[in-house]
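Notes for the one structure printed next.
Coordinate-derived values only; no laboratory data. The structure displayed is predicted, hence computed values, not measured ones. Note that we place each Cβ from the backbone using ideal geometry, even for glycine, and neighbour counts take in every protein chain shown.
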Amino acid sequence: MNPFSLIDYRDEFYLKTFRRWNVVNNLSRNAKFKGGVPLHKAALVDFLLCNPPLLQRILVHFGRAEPSLNLEELLYQNNLEFGGAQDIGDFCQTCVLLISEKYLEFRKIDGEILLIGSEDKLSLDNYLSQRWEKEIDLLQPLLGKSLNILSNAVLGRF
């Protein structure tokens with residue numbers, strides 16, 4: 001802590017921006033999303049990466065992981081009860097920034113916005129980036145399901 005009791009949120013901004021770019025870029029490498037990743041699905045993946053207990057719950061529900069005792073559930077408060085899973089406004093703002101800087105592209109097909117990852121590889125070789133890539137790989141087979149099914153699974157309405 002600095003002597004003025006100020007918190008610098010710029011680090012969080014850069015981390016969030018990199019995570020969201022990483023989500024779209026990793027999903028774009030999947031053959032299913034060669035034409036683009038639907039905005040709502042990319043935002044849902046980003047939300048799940050930020051909420052590990054919910055990610056674990058959805059992976060267990062769909063048979064992609066085994067249930068385990070997770071101490072983060074006792075310590076970590078998610079924003080699910082505040083509608084965090086459906087709120088994509090902040091995700092969209094980050095995507096607009098990434099599109100304006102040419103790190104992402106977008107298309108609109110039949111009223112749906114699709115995000116396309118860039119060919120540039122910005123990834124940093126660190127633990128957090130590697131963990132996100134593994135979690136995205138676990139989620140990719142589930143993204144073929146409708147958004148309603150995925151949202152209901154996140155909300156616990158199995």
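A few remarks follow.
- Extension gain, Lys108-Asn152: 0.36 nm per intervening residue step, less the Cα-Cα distance, totals 13.3 nm.
- Using a Förster distance of 30 Å, the FRET efficiency for Lys34-Glu12 (Cβ separation, nearest 0.05): 0.40
- FRET efficiency for the Val96 to Glu119 pair, using the beta carbon distance and R₀ = 30 Å, is estimated at 0.90.
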